[in-house]
1. For Ala183, indicate whether it is assigned to a loop (DSSP other than H, G, I, E, B) and either touching a residue at least 60 places away in the same chain (Cβ under 8 Å) or open to solvent by less than 70 Å² (accessible area, probe 1.4 Å) (or both).
2. Taking region 99-139 on its own, how many of its residues are open to solvent by 20 Å² or more (accessible area, probe 1.4 Å) and of a type outside the set (Val, Ile, Thr)?
3. Gly248 versus (1) within 15 Å of Gln152 (Cα to Cα); (2) modelled with pLDDT of 95 or more; (3) small (Gly, Ala, Ser): which is the lone unmet condition?
4. Conditions first: (1) in contact with a His (Cβ under 7 Å, 6 or more places away or on another chain); (2) aliphatic (A, V, I, L, M); (3) farther than 18 Å from Met163 by Cα. Leu215 passes all but one, so which condition is the exception?
5. Here are the criteria: (1) in contact (Cβ under 8 Å) with a residue 40 or more places away in the chain; (2) under 23 Å from the mean Cα position of the chain (by Cα); (3) not in a helix (DSSP H, G or I). Tell me which single one Leu159 does not satisfy.
6. Within the set of pairs 6 or more residues apart or between chains, which connect a residue that is part of a helix (DSSP H, G or I) and modelled with pLDDT under 95 inside region 121-140 to a residue that is surrounded by fewer than 16 Cβ atoms within 10 Å (Cβ to Cβ) and among the polar types (S, T, N, Q) with Cβ atoms less than 9 Å apart?
7. What are the pairs with Cβ atoms under 8 angstrom where one residue, in region 197-215, is over 16 Å from Ala256 (Cα atoms) and the other, located anywhere, is part of a loop (DSSP other than H, G, I, E, B)? Sequence gap at least six, or different chains.
8. Only residues that are surrounded by fewer than 18 Cβ atoms within 10 Å (Cβ to Cβ) and not in a helix (DSSP H, G or I): list them for region 213-269, please.
Amino acid sequence: MATEPENPTEPDNPTEPENPTEPENPTEPDNPTEKASVESTAGESPKQDYEVSVVHYAQYDDAAPGYAPEVVASIQYASRNPLSRFFIDFATVLVHPSKFWKGQDAHPATLLHVHVPHLAILVLLRLTASFLGGAFRPQYAPSVLIVQTVVQGLLIFVLVWGMSLVVATATAITGAGFHFDRALRFVAYSITPILFVGIVGAIPVPYIAQICDLLAMPWAFVAMGTAILPYLHIKESRAPVISALFCGILLCLWGALPMLIPYLLSLKLFS
């Protein structure tokens with residue numbers, strides 16, 4: 001006698017899912033272009049990630065927590081306006097130069113940004129202070145002050161470009177390669193402390209600007225020394241010698257600047 005099955009309503013395939021319409025990957029984005037955009041940047045180098053647009057970053061900030069911190073910082077830096085970048089670079093190179101140079105590989109300043117606004121603002125502040133300080137001295141005629149200010153500004157830029165060429169040549173000799181753009185950033189940002197203290201030139205006291213320049217020189221030496229390894233990529237065995245060489249060149253060139261200005265004025269090249 002055949003027995004009746006205990007559960008006649010049991011399905012033939014007990015392993016079949018209850019909801020056959022459920023997607024296999026519920027976390028997959030509905031927009032296929034969104035998925036392709038995210039996957040296109042996954043696993044790339046920081047340099048390639050840096051080229052991701054700011055709009056892309058803002059859209060996927062919460063959805064892509066795998067971004068490296070330096071990449072996120074690079075994109076945030078790139079989203080700022082030039083004036084905001086200037087204040088960030090200015091404050092960082094003064095307070096924490098080693099952190100500044102390490103960040104330059106992740107988000108290097110363009111050569112235009114090095115000149116405008118960084119050098120342009122600092123040199124203009126220095127020249128304005130020098131002009132105002134000379135205006136309070138009766139021995140200087142206004143025309144002489146204007147010419148002296150223009151010559152000083154030109155000499156500062158010539159010093160930056162000339163020393164950048166020396167730095168690039170020295171790094172090439174040591175095997176780090178000839179990179180004038182890196183050398184120019186190195187010089188321009190290293191002399192930031194010297195350019196900044198030039199604002200005391202507005203005080204009508206003889207030689208106060210030159211004294212403050214000498215006091216700020218060690219500050220510039222620190223900014224130079226902290227860039228030798230992480231930014232210029234000079235071998236560690238040669239770093240002390242190269243650092244001392246660059247500091248000595250800066251000291252000689254900047255020290256000769258106050259003497260060179262009267263000499264050029266005496267030649268009446270600008271009359």
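1. Details: assigned to a loop (DSSP other than H, G, I, E, B): no; either touching a residue at least 60 places away in the same chain (Cβ under 8 Å) or open to solvent by less than 70 Å² (accessible area, probe 1.4 Å) (or both): yes.
Criteria not met by Ala183.
2. Final tally of qualifying residues: 21.
3. Status for Gly248: all satisfied but (1).
4. Answer for Leu215: the failing condition is (1).
5. With respect to (1) in contact (Cβ under 8 Å) with a residue 40 or more places away in the chain; (2) under 23 Å from the mean Cα position of the chain (by Cα); (3) not in a helix (DSSP H, G or I), Leu159 is out only on (3).
6. Final answer for the pair search is none.
7. Close Cβ pairs satisfying both conditions: Pro204/Phe136; Pro204/Arg137.
8. Correct list: Leu229, Pro230, His233, Lys235, Glu236, Ser237, Arg238, Leu267, Lys268, Leu269.
The values are calculated or read from the model by the stated rules, or taken from the named source; none is laboratory data. From a predicted model like this one, the values you see are computed outputs, not experimental measurements. Cβ sites come from the backbone with ideal geometry, for glycine too, and all protein chains shown count toward neighbours. Ligands, DNA and RNA are stripped out before the accessible areas are found, and what is left, the full protein with its side chains, is counted by its heavy atoms. Shrake-Rupley method; radii C 1.70, N 1.55, O 1.52, S 1.80 Å.
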